[in-house]
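Let me begin by presenting the structure, written as structure tokens, before commenting on it.
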Amino acid sequence: MSSAPPDPLMPSERAVHHWTTTNLGEAVPGVMTPLCWSLWGPTGERAARRAAHEIGVLRRDELAPPADPADWVLRPFHGRLTMQLEFMALVGDRLPGTTGAEAIRSMFGAVPPGMAFAPTRARYPAIAVRLPTTFARFPGLLRALAPEQDRWWRDAVARAPALDLAGARALFAQAVARFERAGHVQLVGTLSSIRPLFDALDALVQDAGVGDLAVLSGTGGAEMAVVADIWRASRGELEVADVVARHGFHGPDEGEVSSRVWREDPAPLHTMVARYAARDEAQSPLAGEAGARERLAAAQAEVLAALPRRRRPAAALLLRLAAARLPLRGVAKRSFLQAVDAGRAAARRAGALLEADGVLAAADDVFLLTGEELCGALPDGVREVVEHRRQRRAAHQRVEPASSSWAGLPELVPVAAPGAGGGADGGSGVVRGTGVSAGVVEGVARVVTDPSFEDVEPDEVLVARTTDPSWSSIMFVSSALVVDLGGALSHAAVVARELGVPCVVGTGNGTSVLATGDRVRVDGTAGTVEVLARV
């Protein structure tokens, strides 16, 4: 090859916007494979623009992705999936009742210095028509999506191992289309229902001066179904195979298409079942969910009683909607993870066939191809291309952005070894973030670097860079949760509130400051983690 092929994980040095890994780092932590970026990038761009158009924020002529991918909503920087903050600011600046700065602060915790905003009322007429309609349609979109996607996923992963190359390619293309559909529903729900309702509920609680946001956010989310089924398996009511049949698309790094999920390797699931089996029956998540419903009614009554009579009807409506809608946050996410897993099964089959034909040196080299290459014409000198990308990805894995948000190109630093402790905390012995699930707990920290959870012991304080839905299983047996990334509606925050586990997110440096074995005090209200004794 006369020159190095393009690097899909860092396709351009042009960068003029503000970027963050805060949300998407939860879905795809670490450095993606090129095939994974092909799944998330173009589909995420189209889904985000369609969702913003459906609620009236974007004009029709703004639906098409920008010609330069450096201006897309999603973009890889050294293999790490990021979101453009200017897009979310535009949404906030055009929506009534909020601003771009408030939208950024609400979703990501802080507004970057020097960021420009352009508030306008020009889209108010369109939003006045479309947003209420989309709000009303959201539950129906989920009802149409989730059961059918579940049936399709079961069929897809069952037939993938017998497909020929053309069939595997067709299944991967189908998975991409279904991923886009599920991602679109997820974003429609976030923009039209989940985010506005959560912000309104938070404001109501602050105004009333009473009320537990965790309880008022409702119960019964999709992630809790995973916890409940593992509990049933630990009691002999289900087999592990039954849990895999229902939730096998979950597993370590489940948003990365090359990872091995429970369907392929159920060993982490067996570990979780054994740990659940050691829990007392009084700790059953099934009983906890029933208790949560009782607490919900009491919490709603408490808030209403604290308000003037004239405000109670509107507040009662908000409380009912929040309790019904906020738990829906994980439903579409489950569907797009099923699409990722079907794409995973299709790619593995294609890789095995290409290895057997001598095209690839190893089956897993398929994940170093792009989606266009897998489903279309393979690049000339495909083995050389794959080897070059393997080396580039390894180089990306040795560095990381110095912070979770930046402007332009990120400053890169060597990847720190998590769990070593002793990172910068200003000499205070306190790690600070955002408290998203109330309560104070003292315990022994466990910095988790292996998402198989082999080393995690019950009742430890879980410290992680980020979490995804498969982490719900281990959060159930943990005493508290501390996460580098995330905000009030991140996966860690939502599940911690459902489980009643104190949680601090957005610390930025918890995994580098804290070490496994440190004794810590976690305050899920104040958003602090105090080191009481070093290991």
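The values are calculated or read from the model by the stated rules, or taken from the named source; none is laboratory data. Just so you know, these numbers come straight off a predicted model, no measurement behind them. Please note: Cβ atoms are built from the backbone with ideal geometry, for glycine as well, and neighbour counts cover all protein chains shown. Remember, those area values only see protein heavy atoms, side chains included, never the ligands or the DNA or RNA. Shrake-Rupley method; radii C 1.70, N 1.55, O 1.52, S 1.80 Å.
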Being free of Cβ contacts under 8 Å to residues at least 24 places away in the same chain and in a helix (DSSP H, G or I) is true for just one of ARG178, ARG159. Which residue is that? ARG159
Does any residue of region 355-365 turn out to be open to solvent by less than 40 Å² (accessible area, probe 1.4 Å), over 30 Å from LEU204 (Cβ atoms) and touching a Phe, Trp or Tyr at 6+ places or on another chain (Cβ under 6 Å)? no
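Name the strands (runs of 3 or more DSSP E) wholly inside region 437-519 in which the number of residues that are open to solvent by less than 10 Å² (accessible area, probe 1.4 Å) and at pLDDT 90 or above is 3 or more. Steps first, please.
Details: elements: 440-447, 461-464, 480-483, 503-505.
It comes to 461-464, 480-483, 503-505.
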Single residue of GLU289, GLU294, GLU281 found to be closer than 30 Å to PRO458 by Cβ, buried (at least 16 other Cβ atoms within 10 Å of the Cβ) and among the acidic types (Asp, Glu): GLU289
From the options LEU145, LEU204, residue that is touching a Gly at 6+ places or on another chain (Cβ under 8 Å) and either at negative phi or of a type in the set (S, T, N, Q) (or both): LEU204
Within region 304-314, can one find any residue that is open to solvent by less than 40 Å² (accessible area, probe 1.4 Å), part of a helix (DSSP H, G or I), in contact (Cβ under 8 Å) with a residue 60 or more places away in the chain and touching a helix residue (DSSP H, G or I) at 6+ places or on another chain (Cβ under 8 Å)? no
Checked region 343-368 for anything in contact with a helix residue (DSSP H, G or I) (Cβ under 7 Å, 6 or more places away or on another chain) and not in a helix (DSSP H, G or I); matches are VAL359, LEU360, ALA361, ALA362
State all residues of region 369-382 that are surrounded by 14 or more Cβ atoms within 10 Å (Cβ to Cβ) and in a helix (DSSP H, G or I); if no residue qualifies, say none. GLY371, GLU373, LEU374, CYS375, VAL382
Number of positions in region 145-169 that are open to solvent by 60 Å² or more (accessible area, probe 1.4 Å) and small (Gly, Ala, Ser): 3
From the list VAL261, VAL215, VAL257, VAL227, which residue is in contact with a Leu (Cβ under 8 Å, 6 or more places away or on another chain) and either among the aromatic types (Phe, Trp, Tyr) or at pLDDT 95 or above (or both)? VAL257
Would you call ALA110 modelled with pLDDT under 95 and either farther than 23 Å from GLY506 by Cα or outside any helix (DSSP H, G or I) (or both)? yes
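Of the residues that sit in region 416-436 and are assigned to a strand (DSSP E or B) and at pLDDT below 90, which one is farthest from ALA533 (Cα to Cα)?
VAL436
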Number of the condition not met by LEU142 [criteria: (1) modelled with pLDDT under 95; (2) more than 30 Å from THR507 (Cβ to Cβ); (3) outside any helix (DSSP H, G or I)]: (3)
Of the residues ARG320, ARG260, which single one is open to solvent by 30 Å² or more (accessible area, probe 1.4 Å), part of a loop (DSSP other than H, G, I, E, B), free of Cβ contacts under 8 Å to residues at least 40 places away in the same chain and farther than 19 Å from PHE476 by Cα? ARG260
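Which residue, of PRO96, PRO119, is over 23 Å from LEU321 (Cβ atoms), open to solvent by 60 Å² or more (accessible area, probe 1.4 Å) and in contact (Cβ under 8 Å) with a residue 24 or more places away in the chain?
Details: PRO96 fails: over 23 Å from LEU321 (Cβ atoms).
After ruling out the rest, the residue left standing is PRO119.
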Cβ-Cβ distance below 7 Å, separation of 6 or more or different chains: which pairs start in region 428-455 with a residue that is in contact (Cβ under 8 Å) with a residue 12 or more places away in the chain and under 30 Å from ARG105 (Cα atoms) and end on one that is small (Gly, Ala, Ser) and open to solvent by 50 Å² or more (accessible area, probe 1.4 Å)? THR434/GLY109; GLY435/ALA526
How about region 1-57: which of its residues are closer than 23 Å to PRO112 by Cα, free of Cβ contacts under 8 Å to residues at least 60 places away in the same chain and open to solvent by less than 10 Å² (accessible area, probe 1.4 Å)? GLU45
LEU532 is checked against (1) part of a loop (DSSP other than H, G, I, E, B); (2) over 22 Å from ARG329 (Cα atoms) and fails just one. What number does that condition carry? (1)
Subset of region 520-535 (residues that are crowded, with 24+ Cβ neighbours inside 10 Å and not small (Gly, Ala, Ser)): VAL520, VAL522, VAL529
I'd like the full set of residues that are open to solvent by 50 Å² or more (accessible area, probe 1.4 Å), farther than 16 Å from MET115 by Cβ and part of a helix (DSSP H, G or I), limited to region 58-90. ARG60, ASP61, PRO69
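Please verify whether region 44-55 includes one or more residues that are in a loop (DSSP other than H, G, I, E, B) and either out of contact with any Pro (no Cβ under 7 Å at 6 or more places or on another chain) or not small (Gly, Ala, Ser) (or both).
Within region 44-55, the subset in a loop (DSSP other than H, G, I, E, B) is 55.
In the following step, the residues that additionally are either out of contact with any Pro (no Cβ under 7 Å at 6 or more places or on another chain) or not small (Gly, Ala, Ser) (or both) were identified as 55.
Checked region 44-55: at least one residue is in a loop (DSSP other than H, G, I, E, B) and either out of contact with any Pro (no Cβ under 7 Å at 6 or more places or on another chain) or not small (Gly, Ala, Ser) (or both).
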